[in-house]
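The values are calculated or read from the model by the stated rules, or taken from the named source; none is laboratory data. Since this is a predicted model, take the numbers as computed values, not measurements. We place every Cβ from the backbone using ideal geometry, glycine too, and count neighbours over all the protein chains shown. Each accessible area value is taken on the protein alone, full model and side chains, heavy atoms only, with ligands, DNA and RNA left out. Shrake-Rupley method; radii C 1.70, N 1.55, O 1.52, S 1.80 Å.
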Amino acid sequence: MVSTLGSPSTLPVECPPLGTGLDGLPLPDPAAVEECCNWLKFNRLWGQLPDLALQDIARSLHLLEVEPRTFIYQTNQPAIGLYLLKWGAVEIYRLSSRSTNVAAFLQGVTLLSASIFSVYPLLRITKRPLLSNLPHLLLIAGLTVTSFWLII
């Protein structure tokens, strides 16, 4: 998960989960606990809990302000807590080399087959010999090569 507003194009190899090293922090002051408790009461799920349980949960929360493009958690990291989003948005990225390879393959096959099969309609529509259509054929080949280069 990544906080949004200018999402990264690539994910780093290793990034510790957000909140690592918060064990030694002092307990929050009573005003902060009350604010967290009031915020939890407004939630449909948390608001059904008794006040004593909400106060216990609010005392155990560590409020963190997260800058945009901050990595929160990555796959296969040990769980260190529960993340509650008070305000904002997160994006979930999934790394998979197989899905990108399949997409590139399908785009490439579609592009090559479209360029190959466009020669016959060109010759049928223009009713000219192959060498007379050379500018059009070179344009088709150029667009195919450029598009293929963009795909890969």
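A few notes on this one:
- Quarter of Cα convex hull surface for the stretch 66-152, i.e. mean projection, nm²: 9.5
- Inter-probe distance in nm under a simple model that places probes 7 Å from Cα toward Cβ, at residue 45 and residue 117: 4.8
- The ellipsoid equivalent to the alpha-carbon distribution of the stretch 35-85 has semi-axes of 24, 13, 10 angstrom, derived from the gyration tensor eigenvalues as √(5λ) and listed largest first.
- Only protein heavy atoms count here; on that basis, with a 1.4 Å probe, residue 34 has an accessible area of about 90 Å².
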